[in-house]
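Contents: one structure, followed by commentary.
The values are calculated or read from the model by the stated rules, or taken from the named source; none is laboratory data. Computed from a predicted model, the values in this text were never measured in an experiment. Cβ placement follows ideal geometry from the backbone for every residue including glycine, while neighbour counts extend to all protein chains displayed.
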Amino acid sequence: MKFEEIIENIEPELENAVQDFKGEMLKLRTGRLSPVLIEDIEAECFDSVLPLKQLGAITSVGQRDLVLQLWDKSYVEGVVKAIEQEGLGLSLRIDGSNIYITSPPLSQESRENLIHVLNKKKEDSFQELRHFRDKAWKKIQDGFQAGEVREDDKYKGKDKLDELVREKREELEKIIEQKEKEIKG
């Protein structure tokens, strides 16, 4: 196996890690509420566990307000319970099959907690990138040991791999920088 193939195989995994991180950042509540924050919360309804996005329409109606229009009024109890168990600190008001969700303004303490969570997610993502890099580097080294990869290709592969991981890390850092600005207001 050539080092180029190894790097080609690892590239989608690195891109998935970046996309997963972007998804996590959308779930981090800042000054503006987004439907993404709650759409994947799973609620128990009729002995099934379903994400909220399958139980109703979620719309943003302002900076700090969402409306969840459930398809069926019988979902309300399970949905409210699921949202409350997430511990997002949201206020809920029920009107028939509609659930109005309001986010209180962020206090300085909650902003600091969000920055702490952001830093934890950042480190986890960087660690995931390192894991993929180490996995690919091991494959390149194993190929060299087996005589499938030449020595100069081994080092070219390492350089290309490091470059690719550096690009993905820079992409993550831009996302983090933007999210930090949002949190700080």
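Yes/no matrix, rows are residues, columns are (1) of a type in the set (K, R); (2) within 19 Å of P12 (Cα to Cα); (3) surrounded by fewer than 19 Cβ atoms within 10 Å (Cβ to Cβ):
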{"site": "S103", "(1), (2), (3)": "no, no, no"}
{"site": "S107", "(1), (2), (3)": "no, no, yes"}
{"site": "H116", "(1), (2), (3)": "no, no, yes"}
{"site": "G147", "(1), (2), (3)": "no, no, yes"}
{"site": "D152", "(1), (2), (3)": "no, no, yes"}
{"site": "K158", "(1), (2), (3)": "yes, yes, yes"}
{"site": "L172", "(1), (2), (3)": "no, yes, no"}
{"site": "Q178", "(1), (2), (3)": "no, no, yes"}
{"site": "K184", "(1), (2), (3)": "yes, no, yes"}
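In the condition set (1) without any contact (Cβ under 8 Å) to a residue 24 or more places away in the chain; (2) part of a helix (DSSP H, G or I), E180 is compliant with all but (1). Only one entry in L28, L52 is buried (at least 19 other Cβ atoms within 10 Å of the Cβ) and either more than 22 Å from K184 (Cα to Cα) or at pLDDT below 80 (or both), namely L52. The residues listed here are S91, S125; of these, the one that is in the same structural domain as D20 (by TED's automatic domain parsing) and among the small types (G, A, S) is S125. Taking the range 55-66 as the range and being β-branched (V, I, T) and surrounded by 18 or more Cβ atoms within 10 Å (Cβ to Cβ) as the test, only I58 passes.
Restricting to the range 68-89, name every residue that is without any contact (Cβ under 8 Å) to a residue 12 or more places away in the chain and among the charged types (D, E, K, R). Of everything in the range 68-89, those that are without any contact (Cβ under 8 Å) to a residue 12 or more places away in the chain and among the charged types (D, E, K, R) turn out to be E77, E84.
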